[in-house]
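A.B. asks: If you scroll down you'll find the structure; I have some questions about it.
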């Protein structure tokens, strides 16, 4: 059953495609910072030592050595030191994202985590699916990390509700107009024909601005207490809960 309508409804033209950010929109940004990042920190060294044979780990090792100027004989502790320094500086280069994803996947699979969602998020995903609106995810997290997140929700595996995933590696930065144009192209290929009316939900005004410049409709999601709440969403339509949005048809179906 659809979630009951929320107060202060935002009525929009029905989109052909919905694209949703994760952190700050479907789930709290604080969970990643307070739970997942510390989990990775504790396991970087042992993961390098135990899984050095994995292609993804070997590639991350080579990238860290090159980017940090380490000797080719760098130890697991040396590699961990670089990753931790990047985290302390707020940087998120590719090898750090890779190592986070690998470690989090293992944690989710072992039952150490259940991905938290805001209480209106999963009902919204189900409602959009029931309305036959394709839903895609666009997040900075790697594709494996995204799939682990949606596979281990409080309501089980949500992957069937999602048509596809986009990441920094596959589409580009959420702050770049070109990234949203890349997604427009890739969604057309995934769905078999072009789509023109995209709707993007995010808590970050820079991402919303880029999406709008690419010709998409946008909705800013401001979750009280979450990381980017005080920054606001600029002049984009604003909601606090996804069930505030209601769609109507004002254009001919294609």
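A.B. asks: Please verify whether residue 175 is modelled with pLDDT of 95 or more, surrounded by fewer than 18 Cβ atoms within 10 Å (Cβ to Cβ) and either not in a helix (DSSP H, G or I) or not assigned by TED's automatic domain parsing to the domain that holds residue 128 (or both), treating the condition exactly as stated.
C.D. replies: The answer is yes for residue 175.
A.B. asks: Here is a further query. Scanning for something touching a helix residue (DSSP H, G or I) at 6+ places or on another chain (Cβ under 8 Å) and over 29 Å from residue 104 (Cα atoms), does segment 130-138 turn up at least one residue?
C.D. replies: No, segment 130-138 contains no residue that is touching a helix residue (DSSP H, G or I) at 6+ places or on another chain (Cβ under 8 Å) and over 29 Å from residue 104 (Cα atoms).
A.B. asks: Of these, 103, 122, 137, 159, which one is surrounded by fewer than 18 Cβ atoms within 10 Å (Cβ to Cβ) and either at pLDDT 95 or above or over 17 Å from residue 29 (Cβ atoms) (or both)?
C.D. replies: Answer to the selection: 159.
Rundown of residues vs (1) in a loop (DSSP other than H, G, I, E, B); (2) surrounded by 15 or more Cβ atoms within 10 Å (Cβ to Cβ), yes/no style:
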residue	(1), (2)
190	no, no
193	yes, no
207	no, yes
211	no, yes
218	no, yes
224	yes, no
230	no, no
233	yes, yes
246	no, no
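Residue-wise test of (1) over 22 Å from residue 32 (Cβ atoms); (2) assigned by TED's automatic domain parsing to the domain that holds residue 140; (3) touching a residue at least 12 places away in the same chain (Cβ under 8 Å).
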position	(1), (2), (3)
45	no, no, yes
54	yes, no, yes
60	no, no, yes
70	yes, no, yes
83	no, no, yes
86	no, no, no
97	no, no, yes
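A.B. asks: Check 25, 98 and return the single one that is under 29 Å from residue 241 (Cα atoms) and at pLDDT 95 or above.
C.D. replies: 25
The values are calculated or read from the model by the stated rules, or taken from the named source; none is laboratory data. This is a predicted model, so every value here is computed, not measured. Glycine also receives a Cβ, built like all others from the backbone with ideal geometry; neighbour counts cover every protein chain displayed.
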